[in-house]
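Undergrad: One structure, pasted below without further comment.
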């Protein structure tokens, strides 16, 4: 029997690579405007059309594959690779501090998305360690970041050329 030459990629690692690719393209925007709720339109639809909530929607779409990858890896594997305690404990303490101080904030509209993003950062850290692996996973994730940077630079050059 012949060995298949194509490397197999673990599906959660593929989700992490997609999320890393998409983070470069769509995740770099920061919400700086006040968010107003419109009673006549869905907040999702308004965000898609280009509103102050569009950066929050792009961050949510970047984080969705990360959450799916983490849940998939935890449910599928019997043995889960985790970072050492020296690394994991400070991350858990930071996330606990961020989550614990959220109720004390007087600006809930800004606090809730910020806390959600920090929790996603922690989830991405653990998802990468859990399903990234040691050989193929990091290569796929770094390749997706590289390809997104190349695509973003080509788009920037084209935009500059149209001026």
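The values are calculated or read from the model by the stated rules, or taken from the named source; none is laboratory data. Note that this is a predicted model, so its numbers are computed, not measured. Note: ideal-geometry Cβ built from the backbone for every residue, glycine included; neighbour counts use all protein chains shown.
Undergrad: Do we have residue 143 as under 21 Å from the mean Cα position of the chain (by Cα), part of a helix (DSSP H, G or I) and exposed (fewer than 14 other Cβ atoms within 10 Å of the Cβ) here?
TA: Yes: the conditions hold for residue 143.
Undergrad: While we're here: Going by the conditions given, is residue 66 loosely packed, with under 15 Cβ neighbours inside 10 Å, under 25 Å from residue 21 (Cα atoms) and in contact (Cβ under 8 Å) with a residue 24 or more places away in the chain?
TA: When the stated conditions are applied, residue 66 does not pass them.
Undergrad: Return only the number of the condition from (1) part of a loop (DSSP other than H, G, I, E, B); (2) closer than 23 Å to residue 12 by Cα that residue 70 does not satisfy.
TA: Only one criterion in (1) part of a loop (DSSP other than H, G, I, E, B); (2) closer than 23 Å to residue 12 by Cα is unmet by residue 70, namely (1).
Undergrad: Is at least one residue of the range 102-112 part of a helix (DSSP H, G or I), under 18 Å from residue 64 (Cβ atoms) and either out of contact with any strand residue (DSSP E or B) (no Cβ under 8 Å at 6 or more places or on another chain) or free of Cβ contacts under 8 Å to residues at least 24 places away in the same chain (or both)?
TA: Yes, the range 102-112 contains a residue that is part of a helix (DSSP H, G or I), under 18 Å from residue 64 (Cβ atoms) and either out of contact with any strand residue (DSSP E or B) (no Cβ under 8 Å at 6 or more places or on another chain) or free of Cβ contacts under 8 Å to residues at least 24 places away in the same chain (or both).
Undergrad: Here's something else I'd like to know. Identify, from the list 123, 132, the residue that is surrounded by 12 or more Cβ atoms within 10 Å (Cβ to Cβ) and modelled with pLDDT under 85.
TA: 132
Undergrad: A further question follows. Where residues in the range 101-112 are surrounded by 10 or more Cβ atoms within 10 Å (Cβ to Cβ) and over 18 Å from residue 55 (Cα atoms), which of them is nearest to the chain's Cα centre (by Cα)?
TA: Looking at residues that are surrounded by 10 or more Cβ atoms within 10 Å (Cβ to Cβ) and over 18 Å from residue 55 (Cα atoms), I get 102.
Undergrad: Given the conditions (1) farther than 21 Å from residue 12 by Cβ; (2) without any contact (Cβ under 8 Å) to a residue 40 or more places away in the chain, report the number of the one that residue 88 does not fulfil.
TA: The failed condition is (1).
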